[in-house]
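As structure tokens, the structure follows; a few thoughts come after it.
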Protein chains: 2
Amino acid sequence: MNYQVIEKKFELPCRHRVYFTNDSFAAESDLLETILRSAGDDAPTQVLVAMDEGALTSRPQLEAEIKSYFGARPELFQLRGIQVYPGGELLKNNLQYLSKLYAEVEAAKLCRHSCLIAVGGGALLDMVGLVAATAHRGIRHVRFPTTSLSQADGGVGVKNGINYLGKKNFIGSFAVPHAVVNDHRFVESLPQQQFMEGAVEAIKVALIRNGALFEAIEAKADLLKQRNVETSAWLIQASAREHVEHIADGGDPFEITTARPLDFGHWVAHKLESMSGFGISHGEAVAMGMAVDVLYSQRMGFLTERIAERILALIERLGFTLYASELSELNRQGGSKIIEGLEEFREHLGGRLTITLLRGIGASFEVHEMDAAVVMDCIETLRERPVGEAPGAV
Amino acid sequence: MNYQVIEKKFELPCRHRVYFTNDSFAAESDLLETILRSAGDDAPTQVLVAMDEGALTSRPQLEAEIKSYFGARPELFQLRGIQVYPGGELLKNNLQYLSKLYAEVEAAKLCRHSCLIAVGGGALLDMVGLVAATAHRGIRHVRFPTTSLSQADGGVGVKNGINYLGKKNFIGSFAVPHAVVNDHRFVESLPQQQFMEGAVEAIKVALIRNGALFEAIEAKADLLKQRNVETSAWLIQASAREHVEHIADGGDPFEITTARPLDFGHWVAHKLESMSGFGISHGEAVAMGMAVDVLYSQRMGFLTERIAERILALIERLGFTLYASELSELNRQGGSKIIEGLEEFREHLGGRLTITLLRGIGASFEVHEMDAAVVMDCIETLRERPVGEAPGAV
């Protein structure tokens with residue numbers, strides 16, 4: 001051994017906070033003051049807001065509300081601007097939006113103690129999160145997820161990223177936002193399909209971690225489909241709680257060792273999204289990806305047919321289909337395109353292939369290989385499944 | 001209060017390791033195996049090396065040595081390529097290099113458990129570190145600083161970044177590298193000025209944290225100037241240790257709250273570098289920046305004239321000048337350009353202006369404003385100082 005070493009272990013203190021409200025920017029709300037101001041602050045906090053068009057479509061008054069909110073508190077905040085971006089994967093695919101936001105941060109003279117607020121769906125949160133994590137090596141960042149999907153899932157997580165070189169989330173980082181605000185008013189104005197998408201991720205996290213939550217979703221499925229506001233808010237909060245606890249208590253929040261994210265059904269989902277040019281939404285893709293891995297778990301002898309059917313039935317009952325023709329597409333060599341998703345999934349997460357399967361509702365485990373022929377057989381079963389059938393539905 | 005909150009605190013475990021050696025890529029060295037391999041690894045570690053031209057200039061055989069090292073261990077490593085970049089700020093100013101490295105990481109099919117190795121000076125380490133921290137949300141990263149400056153200072157830190165929109169390090173992050181390897185053979189072939197630059201940062205960290213180290217540098221100044229190898233290796237290790245301890249034990253390694261980096265003299269240095277188009281090197285700029293802040297500490301009554309002179313004399317004895325004409329440059333309004341650096345420094349670090357001053361050797365404290373007229377007076381004193389004078393030199 002011809003070397004010496006200085007080695008130091010230390011711990012980086014993190015605090016993850018998710019707030020649930022209905023009126024973030026109401027005149028009387030003190031939420032942002034609670035989140036952003038500290039006793040010792042001697043100057044107004046500089047704030048820049050980046051939002052997507054979807055947030056404005058669902059709440060046309062939002063821009064005026066935000067201006068009015070900050071305008072009424074000049075001693076606490078100085079609003080430097082509200083920037084509106086398109087939503088969806090387009091935003092993550094095109095570097096011009098990233099460059100534009102960096103330039104806006106610079107023009108607004110934000111510093112590391114300023115605040116970059118993101119208001120939008122998962123794509124906007126991912127792109128703005130990357131800018132917030134890397135401009136000046138990190139600006140305080142508050143996220144307002146506006147879709148049920150992002151409120152229940154990605155928006156309360158600690159990842160950000162953009163797509164690059166044709167790879168989803170090729171450039172990104174792990175960063176704990178200063179705070180996340182789940183304002184349910186955004187969800188209430190969503191069209192039915194988007195309103196329901198959060199439930200798909202809630203089912204996912206319930207299947208992996210919490211059988212009682214799965215049963216509760218089954219019991220409230222009709223209320224949810226009828227857009228009952230209390231049920232929807234309950235489900236988003238329950239799902240968000242599972243995510244926050246997984247991050248904080250899972251032992252490896254930034255996935256540095258071999259810890260895996262909460263991604264049941266996601267190897268298929270990621271591939272389906274990119275194969276469809278993101279025409280299949282993330283929620284729709286996860287519904288199908290879970291269906292494939294539920295059937296696979298059954299075929300490999302880990303789940304009973306009754307339980308597998310119970311899971312598929314709940315997903316369908318919430319309005320999601322379990323099959324799209326992309327699942328059966330072949331590549332030029334005549335092989336399955338979906339199966340290529342296994343290697344892409346391994347490469348993205350790093351190390352050995354690790355796929356989450358189920359041995360019961362709320363009971364997950366990991367495997368390191370999948371039998372491609374069995375996967376294709378499961379896909380064939382889904383293709384032949386009568387649309388909307390739900391035998392043995394609860 | 002019309003909201004609910006889920007709040008979780010957790011700690012991100014970090015390990016910072018700096019190795020000191022002379023023969024990283026020698027046939028018999030097991031250092032990289034120690035650093036990169038774990039007992040459970042079931043496949044060779046994929047390795048991509050990015051280096052700067054300076055590393056090759058000082059060690060022309062390096063590329064062959066690296067190929068030979070990895071080629072002899074096919075069961076442990078697979079070398080996917082060695083990419084050579086220009087060094088210096090050019091690399092950090094031009095996005096094309098960043099894009100090129102992302103593309104190389106993708107082409108080499110690196111995953112999060114692969115290793116991106118950087119071999120070069122501070123600019124290369126900063127650029128490669130940013131790619132390593134953000135490709136796939138973080139690839140294992142091993143740094144080989146090749147200059148005395150980066151081995152003694154920035155290369156053993158946890159920051160990365162590129163320049164953007166004309167701002168130094170505008171885009172970057174905090175990330176603990178998987179390991180840092182200080183191979184002293186790189187330093188031994190540097191030209192005299194670069195060989196000595198590490199000593200400037202060593203003096204800086206000694207002035208702030210460790211009076212005994214300052215005295216040891218004074219005692220060994222002649223040996224160092226004569227390029228004594230043991231003295232140089234000792235000084236780099238002593239300086240690196242101060243840095244690692246500041247990061248690990250300082251309580252805020254990622255500078256999230258109000259903790260400040262080890263940056264005595266750096267508000268002037270950053271401005272001087274950018275004013276000179278990086279014609280003034282970082283080490284030269286820090287030497288001048290420290291001289292300004294030492295004299296300022298004295299004029300404000302915190303340091304005796306004897307101690308201030310003792311510090312200036314040591315910097316000069318190591319071969320650095322304390323004044324450049326840029327220090328006296330005026331802007332269009334007739335104001336001092338250097339003074340503009342105060343606001344830029346505040347903006348970059350965020351929050352209140354915080355400047356480190358001295359009340360003794362090894363004893364620093366912070367102030368939140370500086371008297372511009374006194375700063376200009378200190379600069380005038382340095383301008384009038386006879387070159388190379390070192391009255392009362394030790």
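The values are calculated or read from the model by the stated rules, or taken from the named source; none is laboratory data. Fair warning: this is a prediction, and the values are worked out from it, not measured in the lab. Cβ: placed from backbone, ideal geometry, glycine included. Neighbour counts: every protein chain shown.
Structure above, values below:
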{"quantity": "Selection count where residues are surrounded by 15 or more Cβ atoms within 10 Å (Cβ to Cβ) and within 23 Å of the chain's Cα centre (by Cα), scope the range B:9-27", "calculated": "10"}
{"quantity": "Hits in the range B:26-55 - residues which are of a type outside the set (Gly, Ala, Ser) and assigned to a helix (DSSP H, G or I)", "calculated": "B:LEU31, B:LEU32, B:GLU33, B:THR34, B:ILE35, B:LEU36, B:GLU53"}
{"quantity": "Scan of the range B:34-61 for residues that are touching a Leu at 6+ places or on another chain (Cβ under 6 Å) and among the acidic types (Asp, Glu), ordered by number", "calculated": "B:ASP52"}
{"quantity": "Residue match in the range B:218-228 (condition: away from chain A (no Cβ under 14 Å) and within 17 Å of B:THR146 (Cα to Cα))", "calculated": "yes"}
{"quantity": "Residue in the range A:1-38 that is modelled with the lowest pLDDT, counting only those that are farther than 18 Å from A:ILE66 by Cα and among the charged types (D, E, K, R)", "calculated": "A:GLU11"}
{"quantity": "Verdict on A:LYS220 being basic (Lys, Arg), surrounded by fewer than 20 Cβ atoms within 10 Å (Cβ to Cβ) and at pLDDT 95 or above", "calculated": "yes"}
{"quantity": "Residue list for the range B:92-133, restricted to those being among the hydroxyl-bearing types (Ser, Thr, Tyr), over 19 Å from B:ALA179 (Cβ atoms) and in contact (Cβ under 8 Å) with a residue 12 or more places away in the chain", "calculated": "B:TYR97, B:TYR102"}
{"quantity": "Qualifying residue in the range B:56-74 (condition: in a strand (DSSP E or B), away from chain A (no Cβ under 14 Å) and farther than 18 Å from B:ILE171 by Cα)", "calculated": "no"}
{"quantity": "Boolean, B:LEU207 is among the hydrophobic types (A, V, I, L, M, F, W, C), touching a residue at least 40 places away in the same chain (Cβ under 8 Å) and crowded, with 22+ Cβ neighbours inside 10 Å", "calculated": "yes"}
{"quantity": "Residue, farthest from the chain's Cα centre (by Cα), within the range B:232-261, restricted to residues that are among the polar types (S, T, N, Q) and more than 10 Å from chain A (Cβ to nearest Cβ)", "calculated": "B:SER232"}
{"quantity": "Counted residues, the range A:52-92 - those being in contact with a helix residue (DSSP H, G or I) (Cβ under 9 Å, 6 or more places away or on another chain) and more than 20 Å from A:ASP41 (Cβ to Cβ)", "calculated": "20"}
{"quantity": "Residue identified as part of a loop (DSSP other than H, G, I, E, B), within 12 Å of chain A (Cβ to nearest Cβ) and touching a residue at least 24 places away in the same chain (Cβ under 8 Å) among B:VAL181, B:VAL176", "calculated": "B:VAL176"}
{"quantity": "Leading residue by the ranking (farthest from the other protein chains (Cβ to nearest Cβ)) among those in the range A:328-343 that are under 24 Å from the mean Cα position of the chain (by Cα) and exposed (fewer than 15 other Cβ atoms within 10 Å of the Cβ)", "calculated": "A:GLU340"}
{"quantity": "Whichever residue in the range B:223-240 is without any contact (Cβ under 8 Å) to a residue 12 or more places away in the chain and not hydrophobic (A, V, I, L, M, F, W, C) and, among such residues, is surrounded by the most Cβ atoms within 10 Å (Cβ to Cβ)", "calculated": "B:THR231"}
{"quantity": "Count - residues of the range A:136-179 that are farther than 15 Å from A:LYS92 by Cβ and among the aromatic types (Phe, Trp, Tyr)", "calculated": "2"}
{"quantity": "Of the criteria (1) over 28 Å from the mean Cα position of the chain (by Cα); (2) facing chain A (nearest Cβ under 7 Å); (3) of a type in the set (A, V, I, L, M); (4) within 28 Å of A:LEU353 (Cα to Cα), which one B:ILE6 fails", "calculated": "(4)"}
{"quantity": "Residue identified as within 14 Å of chain A (Cβ to nearest Cβ), under 21 Å from the mean Cα position of the chain (by Cα) and of a type outside the set (Asp, Glu) among B:HIS368, B:HIS348", "calculated": "B:HIS348"}
{"quantity": "The range B:28-70: number of residues that are out of contact with any Lys or Arg (no Cβ under 9 Å at 6 or more places or on another chain), surrounded by fewer than 18 Cβ atoms within 10 Å (Cβ to Cβ) and closer than 13 Å to B:VAL142 by Cα", "calculated": "2"}
{"quantity": "Total residues in the range B:84-134, condition crowded, with 22+ Cβ neighbours inside 10 Å, over 25 Å from B:GLN151 (Cβ atoms) and in contact with a Phe, Trp or Tyr (Cβ under 8 Å, 6 or more places away or on another chain)", "calculated": "0"}
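Per-residue answers, yes or no, for (1) within 14 Å of chain A (Cβ to nearest Cβ); (2) over 28 Å from B:GLY161 (Cα atoms); (3) under 22 Å from the mean Cα position of the chain (by Cα):
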residue	(1), (2), (3)
B:VAL294	no, yes, yes
B:ILE307	no, yes, no
B:THR356	no, no, yes
B:ARG359	no, yes, no
